[in-house]
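Following: one structure in structure tokens, then a few remarks.
The values are calculated or read from the model by the stated rules, or taken from the named source; none is laboratory data. As the structure is a computational prediction, the values presented were derived from the model and not from experiment. Methodologically, a virtual Cβ is constructed for each residue, glycine included, from the backbone with ideal geometry; neighbour enumeration extends over all protein chains shown. When the accessible area is computed, the model is the full protein with side chains, heavy atoms only, and any ligands, DNA or RNA have been set aside. Shrake-Rupley method; radii C 1.70, N 1.55, O 1.52, S 1.80 Å.
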Amino acid sequence: MESQTLLLTLLTVKMENSLAAFEEEAERNLVTMCQEKKQLLKKAHELKRKLLLCQKKRELVDVLNPQIEMLSPYAAVSESFKEQYKALAKALDTTRHELPVRSVHLDGGAQKFLGRTGICWARNGKNYQRVWHFLCAGTFIPSWHPHKPHVR
């Protein structure tokens, strides 16, 4: 009977040692799995962020492409607008001061010249307003558009 007890004790000790080794290995595996899970979650979060960023870029491209197509013909117009604006600014600057009539010949005098400048300003004022509206609001509404808002 003693040998059986001894054998049972040895088996119990061996099982306990095996169980302890198994528990240690299970803990190491659990720690490894937790680290892998953390890395995978971090990678998934990064991929989701990249996906959302790509979707936003695609939405922006979808919005900007029609605007670029619509505004591309007006690129040439903007150059002539710049030149006209520079000419107007120069005219206003030169007429701001009273010029001696004998040095510069003005048809009809300075007042008539200023009157013509005012006419040019009124004629181009609508274009300036449309461009200003485009620059401020980011939209361009042609003058012939039926739903054109009233610009003051």
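For every residue, the table says whether it meets (1) surrounded by fewer than 10 Cβ atoms within 10 Å (Cβ to Cβ); (2) within 27 Å of ARG123 (Cα to Cα).
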position	(1), (2)
VAL13	no, no
GLU16	no, no
ASN29	no, no
MET33	no, no
LYS57	no, no
GLU69	yes, no
SER72	yes, yes
ALA87	no, yes
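Only residues that are over 19 Å from LYS86 (Cα atoms), modelled with pLDDT of 65 or more and open to solvent by less than 50 Å² (accessible area, probe 1.4 Å): list them for segment 107-142, please.
Passing the criteria: GLY109, ALA110.
Of everything in segment 74-85, what is open to solvent by less than 60 Å² (accessible area, probe 1.4 Å) and over 17 Å from THR117 (Cα atoms)? Give them in sequence order.
Result: ALA75, SER78, SER80.
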